[in-house]
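The values are calculated or read from the model by the stated rules, or taken from the named source; none is laboratory data. Fair warning: this is a prediction, and the values are worked out from it, not measured in the lab. Reconstructed Cβ throughout: ideal geometry from the backbone, glycine too, with neighbour counts over all protein chains shown. We work out accessible area using only protein heavy atoms, side chains counted, and drop any ligands, DNA or RNA first. Shrake-Rupley method; radii C 1.70, N 1.55, O 1.52, S 1.80 Å.
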Amino acid sequence: MIKIQDLDFSYGNLKILKKINIDVEKNEFVGIIGPNGSGKSTLLKNISNILKPESGLIYLDYKLLNKYKPRELARQMAVVPQETLINFNFNVYDLIMMGRNPYQDRWGRITEEDKRIVDEALKLTDTDKFKLKKVNELSGGERQRVIIARALAQKPEILLLDEPTSSLDINYQGEIFDLLSYLNKELNITIITVSHDLNLTGQYCDRIILIQGGSVFTSGTPDEVLTADNIGKVYKTEVIIKESPLTGRPYVTLIPRSYNRIKNREKNITIHLVCGGGTGKELMDKLYGEGFNLTCGVLNQGDADWELAKRLNLETVEIPPFVPIEKEKLQENRDLMEKADIILVCDTPFGYGNLGNLRLVANLKDKDVILYEKRNFAERDYTDGLACEYWNQIIKKENTFKTSRIQDLIQIINKLD
Ligand code: ADP
Ligand code: MG
């Protein structure tokens with residue numbers, strides 16, 4: 001539907017957009033993200049023909065954008081700009097009616113169809129109830145919905161929005177994205193929205209384009225784009241990516257750069273986790289946030305701990321689910337344990353499948369081991385006592401420590417160092 005080929009753009013002799021290539025299919029819901037000043041608004045203005053590319057081509061439905069007459073383009077594409085300069089003295093109804101301009105004759109006669117379409121836009125955006133109010137009497141969220149209603153009155157195939165939620169409270173932000181989602185899914189309007197909010201974009205958009213310094217850094221599904229690695233590189237900040245419990249989509253959480261974290265990072269301590277079945281998640285999360293290097297293994301692919309380890313980009317020995325651990329993998333895991341400063345055994349149940357991990361720990365020499373025990377070990381032994389034997393061997397060693405509280409755990413780690 002939209003094809004951008006090698007787009008370059010400069011303000012004066014300051015190059016802003018460099019070799020941008022983007023394809024947007026009909027009915028897509030695309031989010032454009034990137035740091036402040038990376039060129040998102042400039043890109044959107046090029047796509048909406050407000051700015052002209054310095055070089056490169058932009059097609060809309062196989063026709064060059066600059067071949068469209070303004071009225072013709074306005075029937076295809078509507079724009080909700082970042083700063084809206086509108087005369088706030090208009091009332092809501094009249095402002096939305098302006099969206100019909102590209103369809104009206106030169107006297108601006110309002111037809112029955114214009115009225116019907118404006119009514120429809122009022123209903124869709126739930127602006128009906130204040131249609132006779134002046135725009136400057138509305139709250140930020142209401143005003144934003146009115147601007148979107150005006151865009152909808154254009155009956156566009158494509159809706160372009162520049163940070164439509166930037167000045168809104170969290171409940172209005174969701175409301176706007178819910179509306180966009182409805183327009184996309186139910187009315188088949190193609191949506192391209194710039195947003196500074198990684199999480200809203202991640203929850204709602206089908207595809208995300210990440211811009212850095214005027215170029216496309218990467219694009220793809222939220223899962224592909226919202227990785228700790230990408231965000232770290234582009235935004236120069238450390239984040240953890242989790243999965244939203246509701247949508248299963250990636251959720252970005254900032255890691256506070258606390259004093260502890262900076263200190264721990266400098267110490268460069270590596271902890272190897274023996275976990276599985278979600279028994280390592282809380283510790284992994286906490287220790288990662290505290291700035292420790294973590295490794296894991298052996299974990300089954302698809303396991304809750306494995307998923308988090310992957311999201312955090314941890315070095316992990318992994319095997320497919322429901323297969324016993326082969327020698328090779330045990331060896332790999334032993335190598336990781338040897339490289340680590342500390343082994344942390346989580347409150348994990350042990351069966352014949354993962355018993356090998358515990359045996360490795362029992363056979364380690366001169367390695368600090370911390371047992372994080374919330375439940376009595378006997379309750380977690382599904383091997384008729386074999387696991388208990390290893391456990392007792394581990395406990396007897398002089399560099400083994402045991403705790404059931406995360407705070408104590410961190411103290412032990414810092415003492416061991
Ligand atoms: P974003 O929307 O990603 O924050 P913009 O596209 O607004 O970024 O701006 C990209 C760069 O272009 C910034 O460095 C900004 O200062 C510059 N810029 C934006 N508008 C103009 C303009 N009208 N004249 C000159 N430079 C501009
Ligand atoms: Mg902008």
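Does L132 qualify as being out of contact with any Lys or Arg (no Cβ under 9 Å at 6 or more places or on another chain), of a type in the set (A, V, I, L, M), in contact (Cβ under 8 Å) with a residue 12 or more places away in the chain and surrounded by fewer than 19 Cβ atoms within 10 Å (Cβ to Cβ)?
Values: out of contact with any Lys or Arg (no Cβ under 9 Å at 6 or more places or on another chain): yes; of a type in the set (A, V, I, L, M): yes; in contact (Cβ under 8 Å) with a residue 12 or more places away in the chain: yes; surrounded by fewer than 19 Cβ atoms within 10 Å (Cβ to Cβ): yes.
For L132, the condition - out of contact with any Lys or Arg (no Cβ under 9 Å at 6 or more places or on another chain), of a type in the set (A, V, I, L, M), in contact (Cβ under 8 Å) with a residue 12 or more places away in the chain and surrounded by fewer than 19 Cβ atoms within 10 Å (Cβ to Cβ) - is met.
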Checking V239 against (1) closer than 25 Å to I158 by Cβ; (2) within 12 Å of the chain's Cα centre (by Cα); (3) open to solvent by less than 60 Å² (accessible area, probe 1.4 Å); (4) more than 16 Å from ligand 2 (Cβ to nearest atom), the condition it does not meet: (1)
Single unsatisfied condition, A78 versus (1) more than 15 Å from ligand 1 (Cβ to nearest atom); (2) under 16 Å from F217 (Cα atoms); (3) of a type in the set (G, A, S): (2)
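Among the strands (runs of 3 or more DSSP E) confined wholly to region 165-231, which include 3 or more residues that are open to solvent by 20 Å² or more (accessible area, probe 1.4 Å) and among the polar types (S, T, N, Q)? It would help to see each step written out before you state the result.
On the way: elements: 190-194, 207-212, 215-220.
Passing ranges, in order: 215-220.
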Candidate set: region 1-21, residues that are open to solvent by less than 10 Å² (accessible area, probe 1.4 Å) and more than 16 Å from ligand 2 (Cβ to nearest atom); chosen: the one farthest from V216 (Cα to Cα): I2
Of residues in region 337-349 being of a type outside the set (S, T, N, Q) and open to solvent by less than 10 Å² (accessible area, probe 1.4 Å), the one farthest from W391 (Cα to Cα): A340
Residue in region 22-44 that is over 22 Å from the mean Cα position of the chain (by Cα) and within 16 Å of ligand 2 (Cβ to nearest atom) present: yes
Hits in region 334-343 - residues which are part of a helix (DSSP H, G or I) and either under 23 Å from I410 (Cα atoms) or small (G, A, S) (or both): L336, M337, E338, K339
Qualifying residue in region 300-314 (condition: assigned to a strand (DSSP E or B) and either more than 23 Å from K415 (Cα to Cα) or open to solvent by 20 Å² or more (accessible area, probe 1.4 Å) (or both)): yes
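Would region 361-377 turn up any residue that is assigned to a helix (DSSP H, G or I) and among the basic types (K, R)? Spell out how you get there, then give the answer.
To start, the set of residues in region 361-377 that are assigned to a helix (DSSP H, G or I) comprises 361-363, 377.
In the following step, the residues that additionally are among the basic types (K, R) were identified as none.
No, region 361-377 contains no residue that is assigned to a helix (DSSP H, G or I) and among the basic types (K, R).
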Subset of region 287-307 (residues that are touching a residue at least 60 places away in the same chain (Cβ under 8 Å) and within 20 Å of the chain's Cα centre (by Cα)): E307
Pair list, Cβ under 6 Å, 6 or more apart: region 63-85 residue within 21 Å of I117 (Cβ to Cβ), other residue more than 15 Å from ligand 1 (Cβ to nearest atom) and in a helix (DSSP H, G or I): R71/P102; A74/P102; R75/P102; A78/A151; V80/I147; V80/I148; V80/A151; T84/I147
The lone exception for I325 - which of (1) open to solvent by less than 60 Å² (accessible area, probe 1.4 Å); (2) in contact (Cβ under 8 Å) with a residue 40 or more places away in the chain it fails: (2)
Selection count, region 164-194, where residues are within 16 Å of ligand 2 (Cβ to nearest atom) and at pLDDT 95 or above: 3
Test result for I110, β-branched (V, I, T), within 16 Å of ligand 1 (Cβ to nearest atom) and open to solvent by 80 Å² or more (accessible area, probe 1.4 Å): no
Candidate set from region 258-271 (those that are closer than 18 Å to K236 by Cα and surrounded by 12 or more Cβ atoms within 10 Å (Cβ to Cβ)); member that is modelled with the lowest pLDDT: S258
Unique residue being exposed (fewer than 15 other Cβ atoms within 10 Å of the Cβ), away from ligand 1 (no atom under 16 Å from the Cβ) and closer than 26 Å to G214 by Cα when the list is N66, N36: N66
Verdict on E54 being acidic (D, E) and either closer than 26 Å to L183 by Cβ or within 13 Å of ligand 2 (Cβ to nearest atom) (or both): no
Selection within region 357-375 - within 20 Å of S404 (Cα to Cα) and touching a residue at least 40 places away in the same chain (Cβ under 8 Å): L358, V361, D368, I370, Y372
Matching residues, region 296-307, being farther than 20 Å from I342 by Cα and of a type outside the set (S, T, N, Q): G302, D303, A304, E307
Residue satisfying condition, being small (G, A, S) and either out of contact with any Lys or Arg (no Cβ under 8 Å at 6 or more places or on another chain) or within 16 Å of ligand 2 (Cβ to nearest atom) (or both), within set G202, G213, G220: G213
Condition check for K15: within 11 Å of ligand 1 (Cβ to nearest atom) and charged (D, E, K, R): yes
